[in-house]
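Here is the structure we will look at, set down as structure tokens.
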Amino acid sequence: MSNSPFATASLPDDAIELGRIQEAWGIKGWVRILPHSADTSALFESSEWFLQPPEARFARGFSAFAGGVRVKVAEIKAHSDGIVARIEGLDDRNGAEALKGVRIYLPRSAFPATPDGEYYWVDLIGLTVVNRDGVHLGVVRDLMPTGPNSVLVMEYTETVDGKEQSAERMIPFVAAYIDDVDLKARRITADWGIDY
């Protein structure tokens, strides 16, 4: 394909998957984006995205490109219930339809800075959570949106009938329970008991 909008590129070491292309939008090469997070500022502020083909189970018949590519974002905007974007050099519906399921990545280093006390979910995953007494409560496995706030979903090991097994604990991610988030130390301190 000559004049291809796709430049072959490897993913940066700190690449984070931020969303997927759902489908074509309109007839002029626009695509509808399904973001993985409610905070879409990184997608809007980056002029380049790294794309990967859909996961194998969704890639049947995919032929838009092989391996990873880098593209320039010509336009991006919020539209009713989501995000739509146009990739530079992609000007028709057929080209946009060929991108269904493509995964969108950005390097973590390209994310906009967050205000004090705000964090990207990706930065909290894997952090150790301890309470004020230093007791290990678990490791953050996920965050669950619950409307006005999010909930830390942690995994820890407990002993039941003499056997160790994996268990789950949840703590609302709000100032009333979270004392400190130390990204450098990879630790969250919470006002939370082990028997809550």
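Only the coordinates and a few stated rules stand behind these numbers; no lab work does. Since we're looking at a predicted model, the values are computed, not measured. Neighbour counts run over all protein chains shown; Cβ positions are idealised from the backbone, glycine included.
Here are a few things to note about the model shown:
- Cα-based reach from Lys184 at 22 Å (exclusive), listing lysines while leaving out same-chain residues under 8 positions away: none
- Comparing Gly82, Gly101, Gly147 in a Gaussian network model of the chain (Cα springs below 10 Å), the most mobile by mean-square fluctuation is Gly147.
- Modelled spin-label separation between Lys28 and Ser80, with each label point placed 7 Å from Cα along the Cα-to-Cβ direction: 1.8 nm.
- Gaussian network model of the chain, Cα within-10 Å springs - most flexible of Glu168, Glu97, Glu48: Glu168
- Of the trypsin sites (Lys or Arg not before Pro) in region 124-196, those whose Cβ has at most 15 other Cβ within 10 Å and which sit in DSSP loop: Arg132, Lys184, Arg186
- One chain, two ends: Lys72 and Val151. Fully extended at 0.36 nm per residue, the span grows by 24.9 nm beyond their Cα-Cα distance.
- Each Lys and Arg adds +1 at its Cβ and each Asp and Glu adds -1 at its Cβ; summed about the Cα centre, the chain shows a dipole of about 920 debye.
- Relative contact order (percent, whole number), region 121-190, Cα cutoff 8 Å, 6+ residue spacing: 30 percent
- Cα convex hull of the chain - mean projected area over all directions, nm²: 14.1 nm²
- Modelled label reach - Arg108, point 7 Å along Cα→Cβ, region 153-186 residues with backbone N closer than 19 Å: 153-155, 181-186
- For the chain, the relative contact order comes to 20 percent (Cα pairs under 8 Å, sequence separation of at least 6).
- Nearby lysines by direct alpha-carbon distance to Lys72 (threshold 17 angstrom, same-chain neighbours under 8 apart not counted): Lys28
- Cα pair distances of region 1-63 binned at 10 Å [whole percent]: 15, 48, 35, 2
- Length added when fully stretched, Val160-Arg141, from 0.36 nm per residue minus Cα-Cα: 4.7 nm
- Set of region 96-111 residues, backbone N closer than 19 Å to the point 7 Å along the Cα-Cβ line of Arg57: 100-104
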